[in-house]
Amino acid sequence: MKLSRRSFIKLAGIAGAAGFIANVAGCIDSPANVKADKMPPDDTAIVYFSKNIDAEHLIRLYNKINSEITGKVGIKVHTGEVNAPNILSPDMVKEFQAHIPNSNIVETNTLYEGTRSNTERHRRTLQQNGWTFCPVDILDEDDDIYFPVKDGIRLKQIYMGSHLSNYDSLIVLTHFKGHSMAGFGGSLKNIAVGCASKRGKQQIHGDNWAIGRVFLERLADSGKAVCDHFGRQIVFINVLQRLSIDCDCVGSGALAPELPDLGILASTDILAVEQASVDMIYNFEGNEKSSLIERIESRSGLYQLTAMNRLQMGTHKYELVDID
């Protein structure tokens with residue numbers, strides 16, 4: 001899908017970096033213009049797409065990117081506060097998880113006080129929300145462990161749930177949505193905060209829970225540590241469904257989405273799949289996108305992309321391959 005000049009200038013201006021402009025310009029095709037057998041240039045990632053949000057197409061997309069997924073597999077899902085209305089369908093995830101040998105869901109306890117702030121509460125919430133079909137490993141149930149952040153912008157190390165080191169591969173299965181601090185919550189936030197222990201989450205948020213570039217740089221640092229740990233054995237799937245401006249951590253009070261469901265995006269490249277998700281929202285033809293875009297821009301959320309690019313976590317350049 002091609003960025004309009006108006007959208008492109010808005011994206012580049014908010015990101016505030018000439019490098020962002022150079023990387024984004026001219027790199028995006030619409031699903032209709034890209035054939036499944038088309039090979040991208042070496043510096044361009046493939047992002048697979050389906051407009052259909054169901055287990056069948058989720059599995060088909062995963063099968064396009066799973067060649068390096070082996071051994072014990074964690075599926076990182078945001079399981080949501082109790083009665084959160086916009087979380088991924090547990091029934092869909094159940095069918096998906098059953099397709100992946102030696103896998104289970106992984107989560108961590110929250111830093112804020114809520115229905116998942118300790119393991120006992122968290123397990124009750126998992127039951128109430130329907131995450132009962134496979135084991136859910138609460139990664140920081142026992143302890144935490146630090147992961148190094150190579151050439152981090154703000155952090156040199158980040159504390160993760162200790163159980164994360166027990167996994168050979170990680171599938172980052174993300175409900176893409178808005179977020180009150182990060183602007184949007186995609187694959188980056190799902191691993192950066194979602195795999196961090198309470199101590200790691202405190203590192204990311206800092207003492208005053210401020211929003212803005214410092215927070216987003218810490219977020220990117222944390223995500224880089226996870227990506228570096230798993231190397232080629234990590235993949236990213238963003239589900240653009242029930243696109244509320246609120247995160248699933250808001251729980252039952254999360255606002256209903258205004259945008260219609262857009263589909264599923266999958267890639268081995270975290271920056272490419274995040275860029276494609278943002279582009280799909282910005283290029284939606286209709287005013288229903290305005291609230292979500294306002295949420296993203298009011299929190300400098302697009303700076304997540306710049307920070308990931310700075311950390312060389314992937315590429316802004318992608319070709320969108322429609323599997324439908």
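Being more than 19 Å from the chain's Cα centre (by Cα) and under 21 Å from residue 66 (Cα atoms) is not true of residue 148. Just one residue in the set 270, 264, 296 is at pLDDT 95 or above, in contact with a Ser or Thr (Cβ under 9 Å, 6 or more places away or on another chain) and under 26 Å from residue 109 (Cα atoms); that residue is 270.
Would you call residue 290 more than 28 Å from residue 109 (Cα to Cα) and in a helix (DSSP H, G or I)?
Taking the combined requirement at face value, the residue satisfies it.
Select from segment 188-213 the residues that are of a type in the set (A, V, I, L, M, F, W, C) and more than 22 Å from residue 269 (Cα to Cα) and write down the one among them that is surrounded by the most Cβ atoms within 10 Å (Cβ to Cβ). Among those that are of a type in the set (A, V, I, L, M, F, W, C) and more than 22 Å from residue 269 (Cα to Cα), it is 204.
When segment 96-107 is filtered for residues that are surrounded by fewer than 16 Cβ atoms within 10 Å (Cβ to Cβ) and out of contact with any strand residue (DSSP E or B) (no Cβ under 7 Å at 6 or more places or on another chain), the ones remaining, listed by number, are 98, 99, 101.
Checked across segment 293-302, the condition of being without any contact (Cβ under 8 Å) to a residue 60 or more places away in the chain and farther than 18 Å from residue 52 by Cβ holds for at least one residue. Assess whether residue 188 counts as being hydrophobic (A, V, I, L, M, F, W, C) and under 23 Å from residue 278 (Cα atoms). Here the answer is yes, as residue 188 does meet what is asked.
Filtering segment 108-124 to residues that are within 19 Å of residue 160 (Cα to Cα) and crowded, with 18+ Cβ neighbours inside 10 Å leaves 108, 109, 110, 111, 116, 122. Taking the condition of being farther than 19 Å from residue 274 by Cα, assigned to a helix (DSSP H, G or I) and touching a strand residue (DSSP E or B) at 6+ places or on another chain (Cβ under 9 Å), how many residues in segment 58-77 meet it? Going through segment 58-77 one residue at a time, the tally reaches 1.
Annotation: residue 83 fulfils all but one of (1) surrounded by 20 or more Cβ atoms within 10 Å (Cβ to Cβ); (2) in a loop (DSSP other than H, G, I, E, B); (3) of a type outside the set (Gly, Ala, Ser); (4) in contact (Cβ under 8 Å) with a residue 60 or more places away in the chain; the unmet one is (1). Restricting the first member to segment 124-139 and to residues that are within 21 Å of residue 198 (Cα to Cα), and the second to residues that are acidic (Asp, Glu), the beta-carbon pairs closer than 9 Å and six or more apart or on different chains are 125/81; 126/107; 136/107; 137/107; 138/107; 139/107.
Summed over segment 95-123, the residues that are free of Cβ contacts under 8 Å to residues at least 24 places away in the same chain and among the charged types (D, E, K, R) give a count of 4. What are the residues in segment 142-173 that are β-branched (Val, Ile, Thr) and within 16 Å of residue 220 (Cα to Cα), if any? Matches in segment 142-173: 149, 153, 158, 172.
Quick check: is even one residue across segment 260-267 within 18 Å of the chain's Cα centre (by Cα), surrounded by fewer than 22 Cβ atoms within 10 Å (Cβ to Cβ), touching a residue at least 24 places away in the same chain (Cβ under 8 Å) and in a strand (DSSP E or B)? Checked against the condition, which is being within 18 Å of the chain's Cα centre (by Cα), surrounded by fewer than 22 Cβ atoms within 10 Å (Cβ to Cβ), touching a residue at least 24 places away in the same chain (Cβ under 8 Å) and in a strand (DSSP E or B), segment 260-267 yields at least one hit.
The values are calculated or read from the model by the stated rules, or taken from the named source; none is laboratory data. Only a predicted model underlies this, so the values are computations on that prediction, with no experimental measurement involved. Glycine gets a Cβ as well: all are built from the backbone with ideal geometry, and neighbour counts include every protein chain shown.
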